[in-house]
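A short worksheet on the structure shown next.
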Amino acid sequence: MDYQTLTVSIADKLATVTLNRPELRNAFNEHAIAELALVFDELGRNELVRAIVLAANGPAFCAGADLNWMKKMAGYSHSENQEDAARLADMLRTIYLCPKPTVAKVQGDCYAGGMGLVAACDIVVAADTVGFCLSEVRLGLIPATISPYVIKAMGEQAARRYFLTAERFDAVEARRIGFAHEVVSADELDATVAGIVKNLVNNSPNAVMEAKKLVREVVGEPVTDALLADTATRIAAIRASMEGREGVASFLEKRKPSWLN
């Protein structure tokens with residue numbers, strides 16, 4: 001499929017989705033939102049894909065909302081604004097709930113809604129020159145639709161500061177507060193992401209999918225009898241699954257599991 005705002009490639013079980021509006025600092029509009037929602041939904045169901053990297057062309061990763069789109073929104077009615085925001089929220093949820101593991105490769109500055117794209121991914125690797133900023137309050141706005149993902153990623157206390165101040169912070173601070181997992185030099189970015197992807201695609205596809213779901217559904221839950229029963233059910237099911245049985249058998253027999261063939 002031809003995309004207006006993205007490029008998509010699939011090779012060696014890896015799909016790479018690249019934001020491709022470098023002249024506009026990869027700011028997104030209604031077309032980019034629709035295309036991102038579509039491609040992550042399709043890749044999530046593609047059996048040839050075991051991991052997805054979200055990357056960007058040009059000096060910036062994503063500057064947030066496109067200015068022309070913002071001008072258009074300025075004339076929207078309340079109901080039109082509601083519908084528009086709902087489409088953005090749905091796109092972010094599609095990335096967050098994608099059954100395949102997702103890696104954000106952040107090579108350049110990432111502002112506002114761009115931070116929502118990154119936070120919706122499972123693993124974040126950033127170049128050490130990257131700047132981050134939740135700039136919405138400077139414009140009289142709030143980072144509402146991205147907040148569920150950004151707050152999960154950086155924590156409540158960091159969100160209190162950066163939502164309110166709109167300060168720019170660097171990649172080292174992003175790692176300190178938990179927003180980024182790895183911060184490396186620009187020269188090491190590709191190799192670092194490739195190493196993480198190698199681990200992802202070499203693991204049991206079903207187990208990776210279930211492990212991702214496990215984190216999402218267990219985090220924040222109180223340790224109750226119901227939770228303990230749920231986790232026992234999960235491990236029993238995965239042990240009895242085809243890949244669970246194959247993984248244990250291959251380990252005991254000192255051979256590669258079938259998913260690596």
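The conditions of being free of Cβ contacts under 8 Å to residues at least 60 places away in the same chain, surrounded by 15 or more Cβ atoms within 10 Å (Cβ to Cβ) and assigned by TED's automatic domain parsing to the domain that holds CYS133 are met by ALA34. Whenever a residue of the stretch 146-172 is more than 15 Å from VAL118 (Cα to Cα) and touching a residue at least 12 places away in the same chain (Cβ under 8 Å), its partners that are among the basic types (Lys, Arg) and surrounded by fewer than 13 Cβ atoms within 10 Å (Cβ to Cβ), lying with C-beta atoms within less than 8 angstrom and at least six residues away or across chains, give the pairs ALA166/ARG138. Listed by first and then second residue, the pairs with beta-carbon distance under 6 Å, at least 6 apart or on different chains, first residue in the stretch 181-209 and more than 15 Å from VAL49 (Cα to Cα), second among the charged types (D, E, K, R) and part of a helix (DSSP H, G or I), are VAL183/ARG175. Restricting attention to the stretch 188-209, does a residue exist that is in contact with a strand residue (DSSP E or B) (Cβ under 7 Å, 6 or more places away or on another chain) and hydroxyl-bearing (Ser, Thr, Tyr)? For the stretch 188-209, residues in contact with a strand residue (DSSP E or B) (Cβ under 7 Å, 6 or more places away or on another chain) and hydroxyl-bearing (Ser, Thr, Tyr): present. So is THR231 surrounded by fewer than 16 Cβ atoms within 10 Å (Cβ to Cβ), assigned by TED's automatic domain parsing to the domain that holds ALA56, β-branched (Val, Ile, Thr) and at pLDDT 95 or above or not? It is false that THR231 is surrounded by fewer than 16 Cβ atoms within 10 Å (Cβ to Cβ), assigned by TED's automatic domain parsing to the domain that holds ALA56, β-branched (Val, Ile, Thr) and at pLDDT 95 or above. For the stretch 116-131, state whether one or more residues are without any contact (Cβ under 8 Å) to a residue 60 or more places away in the chain and among the charged types (D, E, K, R). Scanning the stretch 116-131, I find at least one residue that is without any contact (Cβ under 8 Å) to a residue 60 or more places away in the chain and among the charged types (D, E, K, R), so the answer is yes. Criterion applied to PHE28, PHE40 was being buried (at least 17 other Cβ atoms within 10 Å of the Cβ), aromatic (Phe, Trp, Tyr) and modelled with pLDDT under 95, and the one residue passing it is PHE28.
Has the stretch 53-75 got at least one residue that is under 21 Å from ALA119 (Cβ atoms), among the acidic types (Asp, Glu) and modelled with pLDDT of 95 or more? Within the stretch 53-75, not a single residue is under 21 Å from ALA119 (Cβ atoms), among the acidic types (Asp, Glu) and modelled with pLDDT of 95 or more. Filtering VAL248, VAL208, VAL193 for residues that are assigned by TED's automatic domain parsing to the domain that holds GLY114 and not in a loop (DSSP other than H, G, I, E, B) leaves a single hit, VAL193. Of the helices (runs of 4 or more DSSP H) contained entirely in the stretch 59-173, those carrying at least 2 residues that are surrounded by fewer than 22 Cβ atoms within 10 Å (Cβ to Cβ) fall at 67-74, 78-97, 147-154, 156-165.
Listed by first and then second residue, the pairs linking a residue in the stretch 1-30 that is assigned by TED's automatic domain parsing to the domain that holds ALA104 and free of Cβ contacts under 8 Å to residues at least 12 places away in the same chain to a residue that is in a loop (DSSP other than H, G, I, E, B) and of a type in the set (D, E, K, R), with Cβ atoms under 7 Å apart and 6 or more places separating them unless they lie on different chains, form an empty list. Screening ALA56, ALA85, ALA89 for residues that are closer than 19 Å to LEU189 by Cα and hydrophobic (A, V, I, L, M, F, W, C) leaves exactly one candidate, ALA56.
The values are calculated or read from the model by the stated rules, or taken from the named source; none is laboratory data. Predicted model only: the values in this text are computed from it and were never measured. FYI the Cβ positions are ideal-geometry reconstructions off the backbone, even for glycines, and counts take in every protein chain you see.
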